[in-house]
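Peer 1: Please see the structure below; I have some questions.
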Amino acid sequence: MINTRKRIQIPNRKIKNCAEQFKDAAELLYSQPPGSGVVLPLITNAVFAIELYLKSLNAQIIIFGGKVSAEVNCRGHSLIKLFKSVDKDIKNQLVSYYKKSKLFSTYTQPGVILKKYNNIYTKVRFSFEKNSRVSSTSLTELMKLVNFFHDFVDSLQTKEYIVEDE
């Protein structure tokens, strides 16, 4: 019988690493001159980085047969749902960190700005449709939000504890 071990690691290093790759891609796209034709990939990479940073705050490490993987406790792309699923203590730290950020003057709580970008995937995928508002997306604000989540997750000291052994 193969033993399965599960543990919580906050932030989860594997997921954080993935988030950083999408953030780096978004920054590379953001650095391109206007008219480069990379707005949709920029938005997609930036929002996906935010999603992964949130998932890194709520994931388990699964060790099965010598293989290590990460499993998120909240699935999907809803930034609001992911934010709400974060442990209360981590969420309180995030809110406190947010209040010190440059985004605080415009949006009083992280949930407010996350709501603004919550359905961005649909907007990006269907940007050709009449009611799409992708063109109203502030790329500067979005990149500030990505960097906020990067900095917050980076500021956390990794905590790890065993959930169960099977």
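Peer 1: Name the GluC sites (Glu not before Pro) in the range 79-162 that are in a loop by DSSP and that have at most 15 other C-beta atoms within 10 Å, would you? Walk me through the intermediate numbers first.
Peer 2: On the way: sites: GLU129, GLU141, GLU160; in loops: GLU129.
Those satisfying the criteria are GLU129.
Peer 1: Give a residue-ordered list of calculated ³J(HN,Hα) values for the range 49-58 (Karplus: 6.51 cos²θ - 1.76 cosθ + 1.60, θ = phi - 60°; whole Hz; x for Gly, Pro).
Peer 2: 4, 4, 4, 5, 4, 5, 5, 5, 8, 8
Peer 1: Per residue of the range 105-121, in order, report the coupling 6.51 cos²θ - 1.76 cosθ + 1.60 (Karplus, θ = phi - 60°) as ³J(HN,Hα) in whole Hz, putting x for Gly and Pro.
Peer 2: Rounded to whole hertz, the list is 5, 8, 10, 6, 9, x, x, 5, 6, 5, 4, 4, 9, 4, 10, 5, 4.
Peer 1: Considering only Cα-Cα distances, which of the following residue pairs are longer than 25 Å: LYS14/LYS100; LYS67/LYS144; LYS91/LYS115; LYS99/LYS144; LYS116/LYS159?
Peer 2: Values: LYS14/LYS100 27 Å; LYS67/LYS144 36 Å; LYS91/LYS115 16 Å; LYS99/LYS144 14 Å; LYS116/LYS159 30 Å.
Table pairs above 25 Å Cα-Cα are LYS14/LYS100; LYS67/LYS144; LYS116/LYS159.
Peer 1: Further question: Normalised radius of gyration for the chain, please: alpha carbon Rg relative to 2.2 N^0.38 Å, two decimal places.
Peer 2: Values: Rg = 17.1 Å, N = 166, 2.2 N^0.38 = 15.3 Å.
Rg over 2.2 N^0.38 Å, computed on Cα atoms: 1.11.
Peer 1: Mean residue ellipticity at 222 nm from the helices of the chain, using -39,500 (n - 2.57) per DSSP H segment of n ≥ 4 over the full residue count, to the nearest 500 deg cm²/dmol?
Peer 2: On the way: 7 runs with 86 residues, N = 166.
Estimated from H runs of four or more residues: -16000 deg cm²/dmol.
Peer 1: Still on this model: Which order do VAL153, VAL112 fall in if you start with the one that has the fewest other Cβ atoms within 10 Å? Walk me through the intermediate numbers first.
Peer 2: Numbers: VAL153 23, VAL112 12.
Ordered by Cβ neighbours within 10 Å, fewest first: VAL112, VAL153.
Peer 1: Something else now. May I ask for the percentage of alpha-carbon pairs in the range 84-166 that lie more than 19 Å from each other?
Peer 2: On the way: 1690 of 3403 pairs.
The share of Cα pairs beyond 19 Å in the range 84-166 comes to 50 percent.
Peer 1: Which of the trypsin sites (Lys or Arg not before Pro) across the range 72-116 are loop residues per DSSP, with 15 or fewer other Cβ within 10 Å?
Peer 2: On the way: sites: ARG75, LYS81, LYS84, LYS88, LYS91, LYS99, LYS100, LYS102, LYS115, LYS116; in loops: ARG75, LYS100, LYS102.
Qualifying residues, ordered by number: ARG75, LYS100, LYS102.
Peer 1: How much net charge surrounds SER85 when only the other residues with a Cβ under 13 Å from the Cβ of SER85 are counted, with Lys and Arg +1 and Asp and Glu -1? It would help to have the intermediate numbers written out before the result.
Peer 2: Working: positive: LYS55, ARG75, LYS81, LYS84, LYS88, LYS91; negative: GLU51, ASP87.
In short, +4.
Peer 1: Ok, one more. With 10 angstrom as the radius, rank ILE63, ILE50, ILE10 by how many other C-beta atoms surround their C-beta, starting from the fewest.
Peer 2: Working: ILE63 14, ILE50 27, ILE10 20.
Result, fewest neighbours first: ILE63, ILE10, ILE50.
Peer 1: Of the chymotrypsin sites (Phe, Trp or Tyr not before Pro) in the range 55-126, which ones lie in a loop per DSSP and count no more than 13 other C-beta atoms within 10 Å? Working shown, then result.
Peer 2: Working: sites: PHE64, PHE83, TYR97, TYR98, PHE104, TYR107, TYR117, TYR121, PHE126; in loops: PHE104, TYR107, PHE126.
Sparse-neighbourhood loop chymotrypsin sites (Phe, Trp or Tyr not before Pro): PHE126.
Taken together, the values in this text are just the output of simple stated rules run on the coordinates, not laboratory data. Since this is a predicted model, take the numbers as computed values, not measurements. Here Cβ is always computed from backbone atoms with ideal geometry, including for glycine, and neighbour counts include all displayed protein chains.
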